[in-house]
Amino acid sequence: MSRALSLLVALAATLALAAPAAAAPRYVSLGDSYAAGPLIPVQLPPFGCLKSSNDYGHLTQQRLRFPEYRDPSCSGAKTDHMTQSQGVSPGPNPPQFNSLTAGTRMVTLTIGGNDIGFSSIAQDCFVTQPSTGSPCKDKYTAGGQDEVSRRIAAAAPKVGDVLRGIAARSPDATTYVVNYSAIFPHEGPGCYPQMPVAEGDVPWLRAKQVELNAMLADQAAANGAELVDVYAASRGHDACSLPGVRWVEPVTPASPAAPVHPNLIGMKAMADLIVAAARG
């Protein structure tokens, strides 16, 4: 009996050594520049991604302390950069989904803004003189169709594909869709020249951001993800607010951050919201 028992113990030990180790619980922060924190110190490689060591992912990880953490977020990322390399320079940035594992337990995601052409819309809407008109709205709604609304609708299934892709690769993960911070005041006028936009374009641009965030909320709900509603929390902290209050910098930043992007205060606030959601 003792010999048989010894053989069983040896066999069990051999099987244990041969069995693959369980993947360590991991947190992965996916997304674009609103996740990456361009120009907020300290910037991390690949430097073409303009990713900060103080983006909301890193700040969240400092508090939740997952055994493993990965942050492949990258400025300029679109939904297709979840599965394709992004040709930033210096770079490239590998497909962001490469960071997902079966052991991933938490994912945050901010994506969709570049799929609708956020940067080009901003450039088109900035004016050099105060105006009461709506030249940007007029351009994007010429012919009776709202081009930005069309782009938001076209981006919706792409965001859905991203969420389903996360679930397929990391089936035990909780995914949090982190939407976009308020850029303009939620109501009322803008703040020329801080945000050099024609008076008539302010309500239209505000409505487009609300529409984009609503699409993200819809896709989160339809695909089993949780929404972190940064937009609602950021009212009163838009780019027209005073330094020290605002979460998003205006066209000429007063603190280290890219124009019309979250600053360090905004990143800390987003991390607070994510941590609160994760702790439930």
Q) Expressed as a whole percentage, what fraction of the accessible surface of segment 178-221 belongs to carbon and sulfur atoms when a 1.4 Å probe is rolled over the protein heavy atoms? A) 59
Q.
Accessible area per residue for the chain in Å², computed with a 1.4 Å probe and the full protein assembly in place, what is it?
A. 46
Q: Determine, at each q value in 0.16 (inverse angstroms), the log₁₀ of I(q)/I(0) that the Debye formula gives when each Cα of the chain is one equal point scatterer.
A: -1.24
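What does DSSP give for the chain in terms of the percent of beta bridges that are antiparallel, rounded to the nearest 5? Intermediate results must be reported in sequence, preceding the final value.
Details: 5 of 21 bridges.
In the chain, approximately 25 percent of DSSP beta bridges are antiparallel ones.
So what is the relative contact order for the chain, in percent, with contacts set as C-alpha pairs under 8 Å and at least six apart?
20
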(Q) At 222 nm, what value in deg cm²/dmol follows for the chain if DSSP H runs of at least 4 each add -39500 (n - 2.57) and the sum is divided by all its residues, to the nearest 500? (A) -12000 deg cm²/dmol
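Using only C-alpha atoms and all pairs of different ones, pull out the Kirkwood radius for segment 132-280 in Å with one decimal. Could the numbers behind the result be given before it?
On the way: mean 1/r = 0.0602 Å⁻¹.
Over segment 132-280, the inverse of the mean reciprocal pair distance is 16.6 Å.
Grab the beta carbon distance between LEU64 and ALA207, set R0 = 51 Å, and tell me the FRET efficiency rounded to 0.05. If you can, show how the numbers build up before the last one.
Details: r = 35 Å, r/R0 = 0.68.
Approximately 0.90, to the nearest 0.05.
Using the per-residue mean of other Cβ atoms lying within 10 Å as a proxy for protection, in what order, highest first, do the peptides 31-40, 63-72 fall? Write out the running numbers ahead of the final one.
Numbers: 31-40: 26.7, 63-72: 17.3.
With the highest mean Cβ count within 10 Å placed first, the list reads 31-40, 63-72.
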Q) Of the listed peptides 202-208, 55-61, 115-121, what is their order by residue-averaged count of other C-beta atoms within 10 Å, with the highest listed first? A) 55-61, 202-208, 115-121
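Once you wrap a convex hull around the alpha carbon atoms of segment 93-137, what is its projected area averaged over all directions, in nm²?
Working: hull surface 21.5 nm².
Approximately 5.4 nm², given one-decimal rounding.
Highest mean first, how do 176-184, 88-96 rank when packing is the count of other Cβ atoms within 10 Å averaged over residues? Let's see the in-between values first.
On the way: 176-184: 24.9, 88-96: 16.7.
Result, highest mean Cβ count within 10 Å first: 176-184, 88-96.
Please go through the residue pairs LYS51/LYS158; LYS51/LYS139; LYS51/LYS137; LYS208/LYS268 and name each one whose alpha carbons sit more than 29 Å apart in this structure.
Numbers: LYS51/LYS158 23 Å; LYS51/LYS139 33 Å; LYS51/LYS137 32 Å; LYS208/LYS268 25 Å.
Table pairs above 29 Å Cα-Cα are LYS51/LYS139; LYS51/LYS137.
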Q. Is any helix in the chain, taking whole DSSP H runs, at least 18 angstrom long along its axis by alpha carbon and on average at least 1.0 on the Kyte-Doolittle scale, and which ones?
A. 2-18, 264-279
Q. Looking at the P(r) of segment 216-280, how many percent of alpha-carbon pairs lie beyond 19 Å?
A. 39
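The values are calculated or read from the model by the stated rules, or taken from the named source; none is laboratory data. Quick caveat, the model's predicted, so the values are computed rather than measured. In this analysis, Cβ positions are derived from the backbone assuming ideal geometry, glycine residues included, and neighbour counts consider all displayed protein chains. Note: areas computed on protein heavy atoms with side chains; ligands, DNA, RNA excluded. Shrake-Rupley method; radii C 1.70, N 1.55, O 1.52, S 1.80 Å.
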